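Bear in mind these aren't lab numbers, they're just calculated from the coordinates by the rules spelled out. Since this is a predicted model, take the numbers as computed values, not measurements. Cβ placement follows ideal geometry from the backbone for every residue including glycine, while neighbour counts extend to all protein chains displayed.
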Amino acid sequence: MLYIVPTPIGNLEDITLRALRILKEVPVVLAEDTRTSRKLLDHYGISTHLRAFHAHNEHAVVERIADELASGTDMALISDAGTPGISDPGFLLVRACVRRGLQVSCLPGPTAFVPALVASGLPCDTFHYEGFLPHKKGRQTRLKYLASLPHTFVLYESPFRLLKCLDELIAHCGPDRQACVARELSKMYEEVKTATLSELKAHFSEKEVKGEIVVVVGA
Ligand code: SAM
């Protein structure tokens, strides 16, 4: 069995009892950054062996890991924060397992876009998850497509690019489109601000933007 185990996106209380049990019970935990994850596991008193599994080696190691799973070794996959596979490594390994008929179980748990979307107050019955936009090539094409969607969409953005991103969203969606910037979710300085794109630009231009960010844009 391959267990996909979501880990906290900030607040260390946000991990399920089942996630902790599985991380304790499996012989190997695949982790994006073993140093970051060692700290996390130490916090919960878990001493399971950690093995590196990240964007730079996932292509090379996926089939070998699938062989080990096929031979009967259970493993858990975690990322630095949130749910593996959601703007994080995981998809290639899950696909390899599914193709081979190996069992995969993804535990429900933390991910940044769900609390951002729900707390935004923007329609969340139908939505599009975009994740990170490409930095250069294809960015404008993607923005044009997103602006034309008939429902809410969700972006992940770095604090350094937030103002540029808001400018681009204003250019493509218009200044009066309702949107939300959700910052530092589950952490001490959590901020969820819903307003028009131009109001958000004005608000976040006032001081240096810090922390992790989800942008939600209404239709
Ligand atoms: N796998 C993660 C998930 O399930 O959400 C996403 C990992 S992605 C590499 C990291 C991005 O997620 C950040 O740049 C930010 O856009 C978003 N994010 C992660 N934690 C966050 C938080 N506490 N508050 C707001 N956004 C967060």
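I'd like the orientation of helix 162-173 relative to the chain: the angle between its Cα long axis and the longest Cα principal axis, in ° from 0 to 90, rounded to 10. Helix 162-173 sits at roughly 60 degrees to that axis.
Size estimate for the chain follows the Kirkwood approach: the inverse of mean 1/r over distinct Cα pairs works out to 18.6 Å.
Exceeding 25 Å between C-alpha atoms, which entries from my cross-link table qualify? They are K39/K137; K144/K201; K39/K193; K39/K207; K39/K201; K137/K164.
Numbers: K39/K137 36 Å; K144/K201 19 Å; K39/K193 31 Å; K39/K207 32 Å; K39/K201 36 Å; K137/K164 16 Å.
From K39/K137; K144/K201; K39/K193; K39/K207; K39/K201; K137/K164, over 25 Å: K39/K137; K39/K193; K39/K207; K39/K201.
Here the dipole of the chain is about 440 debye; that uses its Cα centre as origin and unit charges on the Cβ of Lys and Arg (positive) and Asp and Glu (negative).
Helix 34-43 against the longest principal axis of the chain: what's the angle in degrees, Cα atoms only, rounded to the nearest 10? Approximately 80 degrees, to the nearest 10.
How large is the direction-averaged shadow of the alpha-carbon convex hull of segment 113-217, in nm²? Write out the running numbers ahead of the final one.
Values: hull surface 23.6 nm².
About 5.9 nm², averaged over all directions.
Show me 171-180, 74-83, 117-126 ranked by packing, highest mean number of other Cβ atoms within 10 Å first. Please report the intermediate quantities before stating the final value.
Numbers: 171-180: 17.5, 74-83: 22.3, 117-126: 15.6.
Put in order of decreasing packing, that is 74-83, 171-180, 117-126.
Diffusion coefficient (Stokes-Einstein, Kirkwood radius over C-alpha pairs, 20 °C, 1.002 mPa s) for segment 2-106: 158 µm²/s, rounded to a whole number.
Computed over the chain with a Gaussian network model linking Cα atoms closer than 10 Å, the most mobile of A112, A19, A182 is A19.
The listed peptides 204-210, 140-146, ordered by packing as a protection proxy, come out as 140-146, 204-210 (highest mean of other Cβ atoms within 10 Å first). Only Lys, Arg, Asp and Glu carry charge here, each on its Cβ (+1 for the first two, -1 for the last two); on that basis segment 2-106 has a dipole of about 180 debye about its Cα centre.
What number, rounded to the nearest 500 deg cm²/dmol, is the helix-based mean residue ellipticity at 222 nm of the chain, given -39500 (n - 2.57) per DSSP H run of at least four residues and division by all its residues?
Details: 8 runs with 80 residues, N = 219.
Dividing the helical sum by the residues of the chain leaves -10500 deg cm²/dmol.
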